[in-house]
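The values are calculated or read from the model by the stated rules, or taken from the named source; none is laboratory data. Keep in mind it's a predicted model, so treat the numbers as computed, not measured. Surface accessibility is based on the protein's heavy atoms, side chains included, excluding ligands, DNA and RNA. Shrake-Rupley method; radii C 1.70, N 1.55, O 1.52, S 1.80 Å.
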Amino acid sequence: MNKNRDARLPEWCACRSRPVLRWSATESNPGRAFVGCPNYNTARKRWCGLFLWVDKILEEDTVTCDGRTSPSKDNEEWKMKIVWKLGRLESEVRVLKMGGIFLFTCMLLLLVTVVVLVLRLDRQQSQLYLAKN
């Protein structure tokens, strides 16, 4: 068995970013999950080359001493680690999305507050100007 399998799904890619879980949109691999560099297939960004099909990672079997393939306890543990890492990446994405939504909502609320205050000040200044004349 490849003892270095955990290294196939690293915590960080060579771009110093966390790998992301995506789904293919090509005709040859529709909906197929893969893990890779967040810069993959992104305009004006350099890609470090990290790209792994999730199903290929999970399908790997160990080779016994007589050359036959068979699943092992280590293989199952490795699959659980991969699933755990993927779940962690998905939860990080959810947290980042929720943070973005929260930030957008706060900025929108701030903008509305500023507009209301500006309109009130404008109305007050108009009333003062009319009162003087």
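Measure off, as a whole percent, the carbon and sulfur share of the 1.4 Å-probe accessible area of the stretch 87-129, all protein chains present.
Values: 3000 of 3970 Å².
Result for the stretch 87-129: 76 percent of the exposed heavy-atom area is carbon or sulfur.
For A43 and Q127 in the same chain, what is the full-extension length gain: residue separation times 0.36 nm, less their Cα-Cα distance, in nm?
Values: separation 84, 0.36 × 84 = 30.24 nm, distance 5.34 nm.
Contour length minus the Cα-Cα distance gives 24.9 nm.
Let me know the volume per residue of the alpha-carbon convex hull for the stretch 82-126, in Å³.
Details: hull volume 1.0 nm³, N = 45.
Spelled out: Cα convex hull of the stretch 82-126, divided by residues, is 23 Å³.
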